[in-house]
Structures are given as structure tokens and as C-alpha cells.
Amino acid sequence: MLLELKKVKKYFPLPQELFQKEREYVRAVDNVDLTINAGENLGLVGESGSGKTTLGRIILKLYPATEGAVFLEGKDITSLSNKEMRPLRKNIQMVFQDPYSSLDPRCTIRNVLNEAFVLEGKVVFEERIKRMKGVLRAVGLSVSSLDKYPHEFSGGERQRIAIARALIMNPKLLILDEAVSSLDVLIQEQVIDLLKELQDKYDLTYLFITHNLRVVRKLCQKIAVMYKGKIVELAGTEEVFSNPIHPYTKKLLAAALDYKANYQEDEFEIK
Amino acid sequence: MSKKIKSLSQFQLAMQGFKQNRLAVVCAWILGIFYFCAIFADFLAPYSFKNEERNYSYCRPTVVRFVDEGRLSRPYVNAMQLTFDEYHKRVYQVDAQKKYPIRLFIKGDEYKILGLIPCSYHLFGVEDPGRIYLFGADARGRDLFSRLLYGGRISLSIGVIGVAISFSIGLLLGGIAGYYGGLTDEIIMRICEMMMMIPGFYLLLALRAAVPDDFNSIQVYFSIVIILSFIGWAGLARIIRGMCLSLKTREYVLAAKAMGVSDIRIIVHHILPHTLSYSIIAIMLSIPGYILGESGLSLLGLGIVDPYASWGNMLSDAMSVVHITFAPWILLPGILIFITVMCFNVIGDALRDCLDPKFKMEEI
């Protein structure tokens, strides 16, 4: 078991009004249990605002969880301090949604990739260069891009750079947060092929956060459907597609694929 | 046949825009010349700042002559003779008989090049007992031109050093407050507000009063720099904090965090550089404040004191109208302050035009 979430909650407090007795919260993630096995890609699907990105960031410890625990290879990482967490960081990496804001416009690609070695401490120069060139080739970019700035690349290329940045750490789990959503369809296709290729090469496991069901079908063995902070359905990909159980899943499939769902409108309503 | 194209960062691209603004480039050159003159003041000035000749009090600017009895000659100056007219006013008369040729690399007052190597050569000057006053003399017969050069050292450097100190404090504290948020943010921001609550010049006077008055000139200089930068950091810290609040949610900051980069490195490498375009403009626009602050203190006699020269204390001579009517050249330090402040403002505005893309959009 690579990653296990146990009853993970994340509540964001709303500003308290005067004379208000109890504080109100946005329940972004509400009691989520999830396991990811090594080599078994999981697609986390849901509409915007369903808490899937928050969940991804909790796994990365970018936000602390309000309650619950995250286990990485059996080790509880929720209670670790930032300092203790640092050496474990390399195991989980993330590719962000927007390739235009996920790369610092003031850093060359060399600087971006170099950041990986800050954590590892002393890595000799030749070794660094070798690894940088290695990941750049792996994501299909030329080595000469090292000294270019992000604004010199297209969206698809930038996303490849973001993937390279994650890969240089040699992670076990790669969280792809809407990683292809902002790319056009053909580039999406290319990036997905690249991801498939990289999975074998680098021994990766993906947590694919998306609202795009078509992509999930190509890449993931399992699908978790998230709705209002809760996981409402968790099953193998084909099973979800052929036999969706939860009404929200049906509606999602219907919207995404012109899938003919036989449900009654009044049965389930999205508020 | 691949030509190597150098990649330019967005900042470098913006600087190309700056070069197209002619006025700003001219101002940059003027400032460059001012700073150059201030650094090499010892050598460029014919006299030292304390070289006085009481017989030449408020002597008017010496005329450099090129024509001697109808013939072109090497430039020379005539001796000046102090006389009094019927109203007992000082009148300087040119003594056409006594001529002192201007010599280059002449030996004069001793000084140390950049504070290290002793030297006594000056770029130009005349031999004693002749005096050359390019811009006239002050009350004690000291050469105004020389004193302007020496005064520039203090007046021009105080802005740069003061800004360097206050901006490092402001950037770092603003960055920390914005990045960490919560209690840290509250504490730092309340301190800022306390600083900003007190009107600037009164705070300046109060702090100056707290400094012992038996300080020597160098100590006074540094205490003024520290006082000025102590006042200046708060406003910047507030704005930087606000920018950090939005910058810290950018995805590249999160990515760096996920890579295990330390907080302080994230602040320094990924957050503060993005406030750079704002800070550069703010720096350019706030340097004049420091120059004026020093001038204000020195004008009131609380800053640099005689015999040391600063543009501010030289200007305190010009506080009396009688002196101005008799010797209008003592207003020159004021004009230099004006030019310097103008130049910094023009450069600041030009930088805003080329560094802030939103501003440009509005123009179109």
C-alpha cells in the first residue's frame, strides 16, 4: 500500500459574524478514506468545488488536515513537522493545473530543476546536469531548453517541464491536479501518452485529479468520485463506466460522454 | 546554421523599453555624472571643503579668461581685490595686472584617494595666492564648487545607503509577514502602523534628539542614515506584505514547497523577486525623500555640521534674503537637490512604465 487516507477532514473556517455563536465551516474534504496501491492509478473525479484539489494538497501536506491521518508507505505523515516531512517530500510530487502559473517566470528551466537538489544537499555538478538532461529527454524536450525562460515555451511544453520537475525527485506517487485540463485536445493526447510511457520507465503511481472522464478511462485502473467533500463511489474504471451506482456518478457520466443514464430527474438533484 | 539566441528574462525585456525613454536616459546620465563627481570629489575639486580664505567672503564667481591683450592664450584668472564702496558694501575688483594661469594636475590640499592612498594632486587649480571660484565663494571664502562636490558625497550617498537599509528591512519583514500570516503578520503589521502613525519629520527630529550631540561628523552621518531608514521601512513592508499574500498562493510557490524547499528560500527566491518591479520603482521614488530628509535636518543645523559640507547645510547659508541678493550663487546646492530629485522621479516613472505591463495596457 503506497498511500492510505483515514477519515481525512479539511474544514475551512468562514469569517465569524458578530454575535454568532458557532463558527461556520466550509467542509472541503469530509471524512475521506482512500487507499492507493503501488502501480495502480487512481482517478479522482468530481465537479469543481468538490474538494478534490484540496484533497491532493492535503496529501502533499501543503495544507494541514483538520482531522484524520495520511499514511505514506505505512508511516503517518500528518503529525510530522515541516522539517521531518522534508526528506519524505520527494516521494510525492505534484503537477499543477495551470502550466502558466506553475513555473516561476523569473527562473530558467535550469533553476527550476535545480531546486530539487536543495533537498538532497550535496549533489555534484556533473550528476546534477546528467539528471536534468535525463528528465528533459524523458519528457521529450531538447536539452537546450535548460537555459530558457518559461515564457519561451508553449502550454504543452510547459506542462512537460512541470512533469520533469516532479520526475527529477524520483517520486513514487505523482499527483496530477487537472494536469491536462488546460491543454488543447491533441496536446492532451500527447501528454497522456507521455504519462503512460513514464509510468513504466520511472515506476510511478498516479493520482489523477480531474473532471475529465475521458482522460481517466485511458490512464486509471480505479475511479473515485467525489461530491461535496465526500467520496461517493469508488470502483474499477470499467465498472464505474458500465454500472454507475451513485446518482451523482450517473449524472457526471451523462454530462461527460452523452452517456444514456436511466435515472429520474427528481431522484437526485444537484443543489 | 543555428545561431545562438540568448534568452532574455522578462526583466531584461523591460529594460529594453527603458532605453527608449530618452528623458529618463538623460536623467540617468545626469545622475551618473553627479555620482561620479561625488566619488572623485577630492581630485576634481580644486580645494578641500575646509580650505577657507576670509578675504574672499562671498566672492563672486571667477571669470576664466582665454584672451590676453587681444591674443588667445592659455586660460587664466585675474586676481580679485576686495574694496568697499560708499555704502560700505563689499565690492570685488578685478586686478587685471595679476594673472594666474589655470594648471592641470596641480599640487594642492592633501587628501586620500578613496580614503586609502594619500595624494595631493587636483585636476585643475591656480597657484597661490590666486584663487579660483568657479561658482563663487561662501561666507568664509570657501570654494562653492569644491564644497558642492564634497557635499554631493553626503547628500547623494545618504539616499542610496538609507534606501538599501530600509528596503532590506521592509522587504524581509513584509515578506515574512505576508508569507506566514497569522500572529507573525499581526505583530509586524501593528509595529508598522505604529511607525507610520507619527508624522515623518517630527519622528525624524525626535530620533535626532535621542542621538548624543557629542558625536563626530562620521557618527552623525551614520546616525542620520539609520534614523532615515528606520522611518522608511514601514510603508514598504505593508505593501510587500499585501503582494506576498497573493504571491504565496501561486502554483510555483506550492510546487517549491512540495519539493521541500525551505520557507526562507521560497520567500527570497520565489516571492520577493516578483515584487521587484514594484520595489525598484518605489526605491527610485523614495531616494529623493532621503535626500530631502537629510537636507531638512542639515538645514536646521541638526544634520551634518560645518566645516563638513552637505547640500542641506550649505543651503542653510541661503536662509537669509540679504545673502541671496548679495550672493545668489549660494542657492546652487538647492538647485542641485532639485535636479537630483527630479532625475530620480523621472527615472522612477520611466521604470514604472516599462516594468508594469498593466499600466501600458491602459495607455493603448
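Every read-out reported here was derived from the displayed coordinates using simple, explicitly stated rules and does not represent laboratory data. Predicted, not measured: the structure shown is a model, and the values here were computed from it. So basically every Cβ, Gly included, is an ideal-geometry build from the backbone, and we count neighbours across all protein chains shown.
At a glance:
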{"read-out": "Whole-number D in µm² s⁻¹ for the stretch B:148-363, Kirkwood Cα-pair radius fed into Stokes-Einstein, 10 °C, 1.306 mPa s", "value": "83 µm²/s"}
{"read-out": "Which of B:Ser217, B:Gly260, B:Trp233, positive extreme of dipole for chain B (C-beta unit charges)", "value": "B:Gly260"}
{"read-out": "Within 10 Å of each Cβ in B:255-268, the average number of Cβ atoms from other chains", "value": "6"}
{"read-out": "P(r) of the stretch A:57-159 over all Cα-Cα pairs, binned every 5 Å from zero, in whole percent", "value": "2, 10, 18, 19, 17, 15, 11, 6, 1, 0"}
{"read-out": "Nearest-0.05 FRET efficiency for A:Glu67 and A:Arg23, computed from C-beta distance (R0 22 Å)", "value": "0.90"}
{"read-out": "Cβ crowding within 10 Å averaged over residues, with A:33-46, A:170-183 ranked highest first", "value": "A:170-183, A:33-46"}
{"read-out": "Mean separation of Cα contacts under 8 Å, 6 or more apart, over the residue count of the stretch B:148-363: relative contact order %", "value": "28 percent"}
{"read-out": "Pair B:Ile187, B:Gln93: separation of 7 Å Cα→Cβ label points (nm)", "value": "7.6 nm"}
{"read-out": "Net charge contributed by nearby residues that have their C-beta within less than 9 Å of B:Pro333 (K/R +1, D/E -1)", "value": "0"}
{"read-out": "Euclidean distance between Cα centres, the stretch B:213-247 to the stretch A:163-191, Å", "value": "46 Å"}
{"read-out": "FRET efficiency, B:Ala164 to B:Val63 (Cβ-Cβ, R0 56 Å, nearest 0.05)", "value": "0.85"}
{"read-out": "Approximate spin-label separation B:Gln81-A:Ser142, in nm, with each point projected 7 Å along Cα-to-Cβ", "value": "8.4 nm"}
{"read-out": "Loop-exposed trypsin sites (Lys or Arg not before Pro) per DSSP, neighbour cap 13 Cβ within 10 angstrom, longest uninterrupted part of chain B", "value": "B:90-364"}
{"read-out": "Dimensionless Rg/Rh of the stretch B:20-121 - Kirkwood Rh, Rg from C-alpha atoms", "value": "1.08"}
{"read-out": "For A:Lys230, residues with placed amide H under 5 Å, excluding near neighbours", "value": "A:Asp30"}
{"read-out": "Counting DSSP beta bridges with both ends in the protein assembly as shown, the antiparallel % (nearest 5)", "value": "70 percent"}
{"read-out": "Centre separation in Å (Cα based) which lies between the stretch B:300-322 and the stretch B:52-105", "value": "26 Å"}
{"read-out": "Counting all C-alpha pairs of the protein assembly as shown, share separated by more than 45 Å (%)", "value": "43 percent"}
{"read-out": "Members of A:Lys222/A:Lys250; A:Lys148/A:Lys172; A:Lys130/A:Lys172; A:Lys75/A:Lys196; A:Lys52/A:Lys196 lying beyond 26 Å, as alpha-carbon distances in this model show", "value": "A:Lys148/A:Lys172; A:Lys75/A:Lys196"}
{"read-out": "Chain A: relative contact order in percent, alpha carbon pairs under 8 Å with at least 6 residues between", "value": "24 percent"}
{"read-out": "Local net charge near B:Arg90, Cβ-Cβ under 13 Å (Lys/Arg +1, Asp/Glu -1)", "value": "+1"}
{"read-out": "Dipole moment magnitude, nearest 20 debye, the protein assembly as shown about Cα centre, only Lys, Arg, Asp, Glu C-beta charged", "value": "1200 debye"}
{"read-out": "Diffusion coefficient, µm² s⁻¹, Stokes-Einstein with Kirkwood Rh over alpha-carbon pairs of chain A at 25 °C and 0.890 mPa s", "value": "124 µm²/s"}
{"read-out": "DSSP-assigned coil residues among GluC sites (Glu not before Pro) in the stretch B:64-120, each with at most 15 further Cβ atoms within 10 Å", "value": "B:Glu69, B:Glu86"}
{"read-out": "Percent RCO, i.e. relative contact order, over chain B, from Cα pairs under 8 Å lying at least 6 residues apart", "value": "19 percent"}
{"read-out": "Estimated D of the stretch A:115-157 in µm² per second, where Rh is the Kirkwood radius over Cα pairs and Stokes-Einstein applies at 10 °C, 1.306 mPa s", "value": "137 µm²/s"}
{"read-out": "222 nm mean residue ellipticity, helices alone, for the protein assembly as shown (DSSP H n ≥ 4; -39,500 (n - 2.57); rounded to 500)", "value": "-15000 deg cm²/dmol"}
